[in-house]
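The values are calculated or read from the model by the stated rules, or taken from the named source; none is laboratory data. Owing to the predicted nature of the structure, the values given are computational and were not obtained by experimental measurement. Please note: Cβ atoms are built from the backbone with ideal geometry, for glycine as well, and neighbour counts cover all protein chains shown. All accessible areas refer to the heavy atoms of the entire protein, side chains included, with ligands and DNA or RNA removed. Shrake-Rupley method; radii C 1.70, N 1.55, O 1.52, S 1.80 Å.
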Amino acid sequence: MATSSPTPPAGGSLIALGAVGGTTIGFILQQVTSGFLIGTGAGIAAALTIWWRHRTR
(Lines give C-alpha, C1' and ligand atoms only; values in the text may rest on other atoms or scores of the structure.)
Protein backbone atom coordinates (compact mmCIF):
# COMPACT_ATOMS: atom_id res chain seq x y z
CA MET A 1 0.00 0.00 0.00
CA ALA A 2 1.34 3.44 -0.90
CA THR A 3 2.14 5.89 1.85
CA SER A 4 0.49 9.25 1.39
CA SER A 5 2.27 12.43 2.36
CA PRO A 6 0.53 14.87 4.69
CA THR A 7 -1.56 17.54 3.03
CA PRO A 8 0.15 20.95 3.13
CA PRO A 9 -1.79 23.86 4.62
CA ALA A 10 -3.64 25.94 2.07
CA GLY A 11 -3.11 29.67 1.74
CA GLY A 12 -5.85 30.46 -0.76
CA SER A 13 -8.19 31.67 1.93
CA LEU A 14 -5.57 34.21 3.02
CA ILE A 15 -5.41 35.59 -0.52
CA ALA A 16 -9.21 35.87 -0.67
CA LEU A 17 -9.45 37.47 2.77
CA GLY A 18 -6.70 39.93 1.86
CA ALA A 19 -8.50 40.92 -1.34
CA VAL A 20 -11.86 41.37 0.40
CA GLY A 21 -10.37 43.13 3.41
CA GLY A 22 -8.27 45.43 1.25
CA THR A 23 -11.26 46.29 -0.92
CA THR A 24 -13.35 47.07 2.16
CA ILE A 25 -10.69 49.31 3.65
CA GLY A 26 -10.10 50.89 0.24
CA PHE A 27 -13.83 51.58 -0.09
CA ILE A 28 -13.84 53.32 3.28
CA LEU A 29 -10.81 55.41 2.26
CA GLN A 30 -12.20 55.96 -1.28
CA GLN A 31 -9.22 54.12 -2.81
CA VAL A 32 -10.80 50.82 -3.83
CA THR A 33 -8.22 49.78 -6.43
CA SER A 34 -5.28 50.55 -4.17
CA GLY A 35 -6.92 48.72 -1.28
CA PHE A 36 -7.61 45.69 -3.46
CA LEU A 37 -4.05 45.53 -4.76
CA ILE A 38 -2.45 46.04 -1.35
CA GLY A 39 -4.78 43.52 0.29
CA THR A 40 -4.17 40.95 -2.42
CA GLY A 41 -0.42 41.49 -2.15
CA ALA A 42 -0.56 41.02 1.62
CA GLY A 43 -2.62 37.83 1.16
CA ILE A 44 -0.16 36.46 -1.38
CA ALA A 45 2.74 37.27 0.95
CA ALA A 46 1.00 35.44 3.81
CA ALA A 47 0.24 32.43 1.59
CA LEU A 48 3.83 32.28 0.37
CA THR A 49 5.07 32.47 3.95
CA ILE A 50 2.90 29.50 4.92
CA TRP A 51 4.06 27.55 1.87
CA TRP A 52 7.71 28.38 2.54
CA ARG A 53 7.53 27.33 6.19
CA HIS A 54 5.84 24.01 5.40
CA ARG A 55 7.59 23.02 2.15
CA THR A 56 10.10 20.74 3.88
CA ARG A 57 7.59 18.89 6.05
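Say we look at region 16-37 and pick out the residues that are open to solvent by 70 Å² or more (accessible area, probe 1.4 Å) and in contact (Cβ under 8 Å) with a residue 12 or more places away in the chain; which of these is farthest from the chain's Cα centre (by Cα)?
Taking the candidates together, the pick is Ile25.
So, of the residues in the chain that are outside any helix (DSSP H, G or I) and hydrophobic (A, V, I, L, M, F, W, C), which turns out to be modelled with the highest pLDDT?
The extreme case among them is Leu29.
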